[in-house]
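Encoded as structure tokens, the structure appears first; notes follow it.
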Amino acid sequence: MTIAPNSGEDEHRVLGACPHDCPDTCSMITTVQNGQAIDVRGNPDHPFTRGTLCGKVDKFLDRVYSPDRVLYPLRRSGVKGSGQFERISWDEALKEIGDRFQSIIAKYGAEAIMPYCFSGHQGILNGLMVSDAFFNRLGATIAEKTLCSSGCATAFELSCGLTYGLDPEAFVESKYIVLWASNVITTNIHLWHFITEARKRGAKLVVIDPIRTRTARQADWHLAPRPGTDAALALGMINIIIQENLADADYIEKYSVGYAELKARASEFPVDRVSQITGISVEDIQTLAQDYAKIQPSVIRLGVALERQTGGGNAIRAICCLPALVGAWRKLGGGLVQATLWPFPLNFDVIQRPDFIRPKTRIVNQWHLGRALTGEMELDPPIQALFVCNSNPLLSAADQDKMVAGLSREELFTVVSEQFFTDTASFADIILPAATQIEQLEIMFSWGHLYLTYNSPAIQPLGEAVSNTELFRRLAAAMGFTDDCFQLSDEQMVQEFLDWSAPVMEGISLERLQQQGYAKLKLSQSPHAEGNFPTPSGKMEFVSSLAQNGDFVIPSLRQGLTDRQSGEVVDRVPNYIPPAESVLSNPNLAARYPLSLLSIKPHSFLNSSYGNLPKHLKLEGSLKILIHPQDAEARGIVHKQCVRVFNERGDFQAIAHITDDVQLGVVASPLGQWRRLSPISKTLAALVATTYSDLGKAGAVSDTLVEVIVVV
Ligand SMILES: Nc1nc2c(c(=O)[nH]1)N[C@H]1C(S)=C(S)[C@@H](COP(=O)(O)OP(=O)(O)OC[C@H]3O[C@@H](n4cnc5c(=O)[nH]c(N)nc54)[C@H](O)[C@@H]3O)O[C@H]1N2
Ligand SMILES: Nc1nc2c(c(=O)[nH]1)N[C@H]1C(S)=C(S)[C@@H](COP(=O)(O)OP(=O)(O)OC[C@H]3O[C@@H](n4cnc5c(=O)[nH]c(N)nc54)[C@H](O)[C@@H]3O)O[C@H]1N2
Ligand SMILES: [Mo]
């Protein structure tokens, strides 16, 4: 809503919500003067985000008013990828898209059209699901969206169910906090206040991360396992906890199934073996297991990164066993949080319209866009049109060289809806201008707290930019779709996309949201004190009944429908699946490519968003690779030298940062640097692994061996 004028008659403040794919979903206040936004800041009243914005979004107006914004529809006027475009009208753009889609459908069928929408915007209206109803109605290929969190979600579903875990604000009550593959200071900064408060009250902070991150540096204790070995660590902890009688027998008895099988599995992980696998000392593993069990309430914050390892799904399942084993769920502040989004009462079927999907419609996973476009997948019909929205696949998917080759195909008709001339947009035939958050209406769930956040438009859209919802209304009209869902206004979507009568919405009205900007779901702060897990048995499933039945759907916000994952490949009890590419598990490959490459989240970008804005670029620096001093010395690499990072899949060049923040044998590079601003126009996506991890078709992108050499 618009709140009382600050000073002067034509200055007012508007309550909004940060639109980004980040757990924090901040409540924001935009100050508007004479129709211009002059300031964006955090809303001090919000109990979780508490008035601060991160170092990326506190410069949001740089994004809104950037001279590089795409503000008008554009048609390609040079060769693909050249970046040459001419301005056209919306009518021309829509007619061209409609005509091309119709002729492709006539010649090849609608499956020759592939949408590609991801998480550039996280709103319930304009986010991940905004394109689904339209493309399902069109009969297009279904893009399976597993770039983020599908591995975590599947692991949760198989073990403790799709639970929010606990209220992250209850971290203040915790006495032992474990951040497991979670770089909170970079990726979830507003949780830090609650961790700091808990530490003031005596809590200990442990970080489990192969890298000494900003967060690890602040911890009481940093444990650095070898990448991809966390399942062994968790099973080793479980073994010690059971052997040393530190388990909570009463909690296990009442609220879990499969303890005997878990105990048997864990016994395969004696501490010596775990030490060999993980590289962590026997004493440290013992101390971790003992302290974690004894110091209650203990809590684990899991990041997303584990799913980017081949055995990551099983690692997450094994870690999910820990709080039930020690009864951490019993007390306020105990348990485990990964993503809190599951209780938000979204009407997925209304938003995504899976009922439009024609039987047997083809599914292509987004990670495989490059192979799909080049013809390597031998799709019939081939992809003849690609529609990108909320995403920059040239940087966020895998097989970058193949994507470039595919996007360069002359007959491929590519449409990109964007705020900026991204690397992907530069290959478009048509670019459509997208509005930013302060130019549109939105309502947001969160995956890091329990508040719904409301975003009122603060300014008129710049140029001819439109919200994603308006874009799909226009496209539907261009295709002659008269279904009611394509006539809904944004205000009607807010009403229909949420179940306002759900019990969690008690006390929450639209008026309250508009006035306050946010409202907390009605949920227990510690929902599993007495079990109540959202699993088929209602208990914590050390042995997964879904895996046992052998047939479950990958839970995903991203599709009403995704492929089923056969249970045959899924062990009923969590196990350790070694990395596909590591020195220990694949010595032949490691002889040629001895370094494990982790792709990590950039501190000053949001994935690739902001990667073109001067202040953010200055803070983030150029494409870099962190390398251990001994690994650098062995290769004659000096600090800040340009190096080539390569394997059989591809290569990129980066600036070497020599630091013992990474362990020997591990290199790391932050995601998000733009291809065209990088040496040899290549980034991480050129060489990361193209396989899936064990669960949820997450990309095993951080299970990647490389070699690094000096560029001469
Ligand atoms: N190697 C490697 N690959 C990864 C990951 C990794 O760790 N390593 N992480 C994965 C994860 S977790 C994720 S979430 C994905 C992220 O992958 P993407 O979803 O592709 O994220 P971004 O790179 O930020 O690109 C989002 C684009 O959407 C645009 N955008 C923002 N708002 C709007 C809007 O309202 N309308 C329209 N039309 N466009 C908008 C932005 O300008 C930006 O260019 O990448 C995945 N890929
Ligand atoms: N500043 C900023 N914030 C972001 C984003 C961003 O791009 N920039 N992206 C947002 C998105 S889309 C997401 S999904 C989240 C992701 O949030 P996180 O999961 O916290 O982010 P990552 O950097 O991918 O991984 C966290 C840590 O896991 C470690 N890690 C990697 N492999 C392993 C392993 O095998 N074992 C262990 N124990 N640790 C491992 C990495 O070294 C890294 O420090 O962040 C969100 N927030
Ligand atoms: Mo993500």
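Quick notes on this structure:
- Each of Val712 and Gln460 was given a label point 7 Å from its Cα along the Cα-to-Cβ line. The distance between the two points is 6.2 nm.
- Were the residues from Asp39 through Asn532 laid out at 0.36 nm apart, the gain over their Cα-Cα distance would be 173.0 nm.
- Label sites at Asp250 and Glu633, each approximated as a point 7 angstrom past Cα along Cα to Cβ, lie 5.6 nm apart.
- Rough spin-label spacing in nm, given labels placed 7 Å along Cα→Cβ, for Asn347 and Gln290: 5.7 nm
- Karplus 3J(HN,Hα) series, Hz, for segment 700-712 with 6.51 cos²θ - 1.76 cosθ + 1.60 (x for Gly, Pro): 7, 5, 8, 9, 9, 9, 9, 10, 10, 9, 5, 7, 9
- Each residue of segment 396-410 was assigned a 3J(HN,Hα) from its phi angle through the Karplus expression (A = 6.51, B = -1.76, C = 1.60, θ = phi - 60°), giving 9, 8, 10, 6, 4, 4, 5, 4, 4, 4, x, 5, 7, 4, 4 Hz with x at Gly and Pro.
- Chain lengthening between Glu648 and Gln548 when straightened (0.36 nm per residue, less Cα-Cα): 32.3 nm
- Here segment 465-544 has an Rg and Dmax of 19.3, 54 Å, counting Cα atoms alone.
- Unit charges on C-beta of K, R, D, E only; dipole of the chain, Debye: 1080 debye
- Each Cα pair under 8 Å and six or more residues apart adds its sequence gap; the mean of these over the residue count of segment 634-698 is a relative contact order of 31 percent.
- Nearest 10 degrees, 0 to 90: helix 150-159 Cα axis against the chain principal axis: 40 degrees
- Taking amide hydrogens as placed 1.01 Å from N in the peptide plane, the amide H of Ala458 sits under 5 Å from those of Glu439, Gln440, each at least 5 positions away in sequence or on another chain.
- Per-pair calculated FRET efficiency, R0 = 30 Å: Arg50 and Leu584 via Cβ, rounded to 0.05: 0.10
- Subtracting the Cα-Cα distance of Leu510 and Gln487 from 0.36 nm times their residue separation leaves 6.2 nm of extension gain.
- The C-alpha atoms of the chain define a longest principal axis, and helix 230-243 lies at about 30 degrees to it.
- Globularity ratio of segment 566-616, using Cα Rg and 2.2 N^0.38 Å: 1.85
- In this structure, Leu71 and Lys200 have a Cβ-Cβ separation that, at R0 = 45 Å, corresponds to a calculated FRET efficiency of about 0.40.
- Nearest-ten-degree value, helix 282-294 long axis tilted from longest Cα axis of the chain: 80 degrees
- For segment 4-135, the Kirkwood estimate of hydrodynamic radius, built from reciprocal distances between every pair of different alpha carbons, is 18.4 Å.
- Note on the chain: Kirkwood hydrodynamic radius from all Cα pairs is 26.0 Å, rounded to one decimal.
- Out-of-range pairs (alpha-carbon distance over 24 Å; input Lys618/Lys682; Lys204/Lys522; Lys145/Lys522; Lys263/Lys601; Lys615/Lys682): Lys204/Lys522; Lys145/Lys522; Lys263/Lys601
- Evaluated over segment 400-538, the Cα radius of gyration and Dmax, each in Å: 20.3, 60
- q = 0.14, 0.17, 0.22 Å⁻¹: log10 I(q)/I(0) that the Debye formula gives for segment 587-710, counting C-alpha atoms only: -0.58, -0.85, -1.34
- Computed [θ] at 222 nm, helices only, for the chain once each DSSP H run of length n ≥ 4 contributes -39500 (n - 2.57): -7500 deg cm²/dmol
- Given R0 = 22 Å, the distance between the Cβ atoms of Lys107 and Arg358 translates into a calculated FRET efficiency of 0.75.
- In the chain, a dipole from Cβ-located charges (positive for Lys and Arg, negative for Asp and Glu) runs towards its positive end, and of His628, Phe269, Cys160 it is His628 whose Cα lies farthest in that direction.
- Estimated vicinal HN-Hα couplings, Hz - segment 204-220 in sequence order (Karplus 6.51, -1.76, 1.60; Gly, Pro = x): 9, 10, 10, 10, 10, 7, x, 10, 7, 7, 3, 6, 4, 4, 8, 7, 6
- Considering only the chain, percent of DSSP beta bridges that pair antiparallel, nearest 5: 50 percent
- Cα centroid separation - segment 378-412 against segment 81-139, whole Å: 13 Å
- Tail weight of P(r) past 18 Å, computed on alpha-carbon pairs of segment 95-228, percent: 70 percent
Read-outs throughout are calculated quantities, based only on the coordinates presented, and are distinct from any laboratory measurement. Quick caveat: nothing in here was measured; it's all calculated off a predicted structure. Neighbour counts are summed over all protein chains in view; Cβ atoms, including those assigned to glycine, are modelled from backbone coordinates with ideal geometry.
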